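Participant: This is the structure I have questions about; it appears just below.
Only the coordinates and a few stated rules stand behind these numbers; no lab work does. Model, not experiment: these values are computed from the prediction. Cβ sites come from the backbone with ideal geometry, for glycine too, and all protein chains shown count toward neighbours.
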Amino acid sequence: MCGLEVLGAVASAIQLATLSQQLITSISTLYTQLKDAPINLKQRIYEIESLIEVTKLIECSPQLQTVEIASVVRRCNVDAEALVEVLKGLRVGERDELVGRYWKAVGGLKKEGGILAMFGSLEREKSALVLCIARIDW
C-alpha cells in the first residue's frame, strides 16, 4: 500500500475516534437530561467505546492500514456523523423553555426508530471492520 493510502486509513481512523467521542458525549448528555432514560443508551456508550478501541488498534498497526479497512472506516464515519447531528438536535439546553423541551422530546420520540437504525448500521460496520482485522491477522 502506498503512503497516501496509509495516511488516508490513519486519518479516517482518527476522525472516527473523534466522532465516536462526540457520540459518547451526546448520549451521556441525553441520558442525564431525560428522566427514566432507556437503559440501552448506556449500552450504546459501551458499543461506541469498543469502536474507539478498534480505531486505536488501526492507528497503531501498520498492517491494518489497508484500503479495505479504510473503506469500512469511511462508512463508519458517515454513520457516526449522521448520528452526531441527530443527537445534537435533541439536546436540551438549560435555557430551553418547557415548550421547547416538550417539542425536543416529541422530536426525539419520532426519530427514535431512525436513531436506532443508525446505531444498528454503525454496529454492523464495526462488525465488518472487526472481520477485516481478523482476516488480516490470520
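Participant: Using Cβ contacts closer than 10 Å as the measure, can you line up Val73, Val86 from fewest to most?
Facilitator: Fewest to most other Cβ atoms nearby, the residues stand as Val86, Val73.
Participant: In whole Hz, with x marking every Gly and Pro, tabulate ³J(HN,Hα) for the range 120-129 from phi via Karplus 6.51 cos²θ - 1.76 cosθ + 1.60, θ = phi - 60°.
Facilitator: Residue by residue, the range 120-129 yields x, 5, 4, 5, 5, 5, 4, 4, 4, 5 Hz.
Participant: Let me ask you something else. If neighbour count is taken as other Cβ atoms inside 10 Å, put Ile14, Ile69 in order from fewest to most.
Facilitator: Fewest-to-most Cβ neighbours within 10 Å comes out as Ile14, Ile69.
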